[in-house]
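The structure appears below as structure tokens.
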């Protein structure tokens with residue numbers, strides 16, 4: 001009897017140690033499968049839309065009239081709902097009615113008590129007069145309309161908050177530095193299981209960014225590594241390859257998406273980071289780098305040193 005009790009005790013201890021790890025691995029695989037399925041469905045839906053800009057009504061208002069903003073809600077009701085199965089739509093004051101959690105955990109582990117309700121609240125870089133560089137220069141010429149968010153639930157049970165820019169602009173094969181805010185048509189923050197836990201970015205939560213009104217590009221990068229040191233482009237690519245088989249430098253559009261979603265990452269992303277995208281500049285092959293604080297990209301020589309951000313699809 002003593003031997004049986006001892007065996008049961010050992011089995012119980014081993015189970016207590018291994019069960020959380022096994023459960024966590026199962027959850028990770030489930031979320032990864034759901035995330036990829038959502039990305040595939042959203043990509044297919046966006047491809048069916050004739051154009052991504054111009055939805056809704058936006059007026060600034062003045063002392064005698066109130067501002068009117070139906071952009072994000074109309075984008076969902078008149079745009080996405082025509083090409084994607086949607087069960088419920090909620091305005092910015094009732095996000096929780098679409099299963100949006102009242103608080104969530106960022107990728108870095110900090111807690112945010114509620115979802116930002118407008119584009120500028122979501123990321124100050126969308127109202128660039130808030131950005132002042134080391135020389136005291138502000139970027140007020142980048143300001144754009146501060147449209148309010150809308151939320152919806154998909155037929156598959158995902159809860160999604162949509163931030164929408166009705167005046168998004170096309171990719172122009174730029175070869176010199178430019179600010180990327182106008183390129184964003186929609187930024188979708190999703191929770192795969194609604195208010196159920198853990199409500200953590202990188203697990204059951206993430207984001208999908210849709211760029212350019214025609215011939216759109218849809219990206220959903222998952223951050224796996226943020227380097228604290230700066231290296232040249234060749235070493236940057238090698239660092240990501242050494243992480244694991246799925247890890248790689250983010251491409252240009254993925255870097256733009258990561259910049260837009262700094263709030264969700266909770267990381268200190270104020271410096272310059274390499275992308276994997278190359279361009280020709282005055283006959284020289286250069287690599288685009290992203291300056292996160294201002295959402296600005298520039299073509300830099302490959303021997304420059306910038307920080308490294310590794311992602312997986």
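Site pair residue 96 and residue 305 shows an inter-label distance of 4.9 nm when each label is modelled 7 Å from Cα along Cα→Cβ.
By the count of neighbouring beta-carbon atoms within 10 Å, fewest first, 292, 126 end up ordered 292, 126. With the highest mean first, a sort of the peptides 193-204, 70-81 on other beta-carbon atoms found within 10 angstrom per residue produces 70-81, 193-204. Computed extension length for residue 246-residue 30: 76.1 nm, one decimal, from 0.36 nm per residue of separation with the Cα-Cα distance subtracted. Placing pseudo-labels 7 Å out from each Cα toward the beta carbon at residue 171 and residue 47 gives an inter-label distance of 1.5 nm. The relative contact order of the range 223-312, computed from alpha carbon pairs under 8 Å that lie at least 6 residues apart in sequence, is 44 percent. Under the simplified labelling scheme, the residue 281-residue 68 pair shows an inter-label distance of 4.4 nm, with each label point 7 Å from Cα along Cα→Cβ. When each of 46, 256, 112 is scored by the number of other beta-carbon atoms lying within 10 Å, the sequence from fewest to most is 112, 46, 256. From the alpha carbon centroid of the range 235-313 to that of the range 147-163 is 28 Å. From least to most packed, judged by other beta carbons within 10 angstrom and beginning with the fewest, 160, 89 follow the order 89, 160. Translational diffusion of the range 223-312 was estimated from the Stokes-Einstein equation, with Rh taken as the Kirkwood radius over Cα pairs; at 20 °C and 1.002 mPa s the coefficient is 167 µm²/s. For the range 223-312, the antiparallel share of DSSP beta bridges with both residues in that region comes to about 95%.
Every number here is computed from the coordinates shown, using simple stated rules; none is lab data. From a predicted model like this one, the values you see are computed outputs, not experimental measurements. Don't worry about glycine lacking a Cβ; one is built from the backbone with ideal geometry, like all the others, and counts go over all protein chains shown.
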